[in-house]
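Worksheet: the structure to be examined is printed underneath.
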Amino acid sequence: MNLNLDSVKSNTAVIIIARLLQFQQDVAPAHRARETVNLLRQETPDFIPPDLWPPNSPDLNPVDYKIWGIMQDGVYGRKITNVDELKQRISDEWDNIDQQLIDSAIKQWHKHLAACVSA
């Protein structure tokens with residue numbers, strides 16, 4: 001068996017990070033895949049599986065209702081010629097998002113969650 005040490009280190013780092021964060025799923029097919037759900041159940045505390053998350057609720061996801069729209073403007077503002085360019089633009093746009101915008105989205109998210117619980 002040929003063991004790739006870089007891959008092992010990378011996967012270990014992902015598992016450590018996953019244990020520190022809470023993941024939120026949407027209804028994308030890859031996110032609902034049995035293997036993905038099983039891995040997240042095993043490796044992430046407080047994982048909310050897709051069957052318990054309200055479908056079609058972008059108001060409960062700060063990335064959907066605030067950040068992705070801003071990223072889309074930057075990513076798709078000019079013609080993309082290949083997949084590598086698309087990946088680079090997404091990465092660049094994410095790196096350029098102001099932390100205050102993210103903080104604002106999270107504050108709005110808390111209000112959205114409270115409204116849903118009250119409803």
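The values are calculated or read from the model by the stated rules, or taken from the named source; none is laboratory data. In this text the structure is predicted, and so the values were computed from the model without any measurement. Cβ sites come from the backbone with ideal geometry, for glycine too, and all protein chains shown count toward neighbours.
Descriptive notes on the structure:
- The set of residues in the range 38-53 that are loosely packed, with under 15 Cβ neighbours inside 10 Å and closer than 23 Å to Cys116 by Cβ comprises Pro45, Asp46, Ile48, Pro49, Asp51, Leu52.
- Hits in the range 74-102 - residues which are acidic (Asp, Glu) and surrounded by 10 or more Cβ atoms within 10 Å (Cβ to Cβ): Glu85, Asp92, Glu93
- Note on the range 20-47: residues that are modelled with pLDDT under 75 and assigned to a loop (DSSP other than H, G, I, E, B) amount to 9.
- Residues located in the range 65-104, provided they are within 14 Å of the chain's Cα centre (by Cα) and of a type in the set (A, V, I, L, M, F, W, C): Ile67, Trp68, Met71, Ile90, Trp94, Ile102
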